[in-house]
Amino acid sequence: MHLQSFYPILVTPDMTECREFYRRWFGLRVVFQASWFVLLGPGGDAATIAFMTPDHPSAPPGRESFSGTGMCLEFQVADGRAEFDRFVRDGAPIVLSLRDEPFGQRRFGLFDPAGVWIDVVEQIEPQPGWWDQYMVDEGGT
């Protein structure tokens with residue numbers, strides 16, 4: 001198989017709100033839009049995400065609205081503190097304040113209008129030895 005593209009589609013009645021959320025806070029652009037579907041991306045070959053309404057007849061089976069659990073999107077940035085300051089200054093609905101995690105991330109978080117958890121992360125040095133307890137050997141154990 002040679003994939004030409006790969007992206008999640010979140011089914012939500014809040015498609016328009018999601019489009020504006022990702023445009024405002026993450027600078028994503030509309031790649032394609034119809035009355036029932038919108039595809040967003042930063043441009044180029046970078047990752048994309050799509051939203052669609054649950055009531056369009058072309059939707060595939062299993063198009064129930066997203067329930068808001070079991071999914072997390074990671075947005076990796078160069079400067080987590082600067083992004084956090086921008087989000088706070090501009091009134092973003094932050095749920096998890098900026099923090100440095102022992103596993104090597106500076107992060108903050110919020111939910112999008114569909115209920116998806118958004119983690120905004122900057123990679124930093126983990127505490128020495130923190131990852132040792134989670135590593136597997138080459139045999140897969």
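State whether the residues of region 24-43 include one that is charged (D, E, K, R), touching a Phe, Trp or Tyr at 6+ places or on another chain (Cβ under 8 Å) and either exposed (fewer than 14 other Cβ atoms within 10 Å of the Cβ) or not in a strand (DSSP E or B) (or both). I'd like the intermediate steps shown before the answer.
Step one: list which residues in region 24-43 are charged (D, E, K, R), which gives 24, 29.
Filter again for touching a Phe, Trp or Tyr at 6+ places or on another chain (Cβ under 8 Å), leaving none.
No, because not a single residue in region 24-43 is charged (D, E, K, R), touching a Phe, Trp or Tyr at 6+ places or on another chain (Cβ under 8 Å) and either exposed (fewer than 14 other Cβ atoms within 10 Å of the Cβ) or not in a strand (DSSP E or B) (or both).
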Exercise for the section: Determine, yes or no, whether Met71 is closer than 27 Å to Arg106 by Cβ and surrounded by fewer than 16 Cβ atoms within 10 Å (Cβ to Cβ). Expected result: yes
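Taking the stated definitions as given, is Leu73 of a type in the set (A, V, I, L, M) and either in a helix (DSSP H, G or I) or over 23 Å from Tyr7 (Cβ atoms) (or both)? Lay out the reasoning, then the answer.
Values: of a type in the set (A, V, I, L, M): yes; either in a helix (DSSP H, G or I) or over 23 Å from Tyr7 (Cβ atoms) (or both): no.
The answer is no for Leu73.
Taken together, the values in this text are just the output of simple stated rules run on the coordinates, not laboratory data. Because the structure is predicted, anything quoted here is derived from the model rather than measured. Ideal geometry is used to build each Cβ from the backbone, glycine not excepted, and the neighbour counts take in all protein chains shown.
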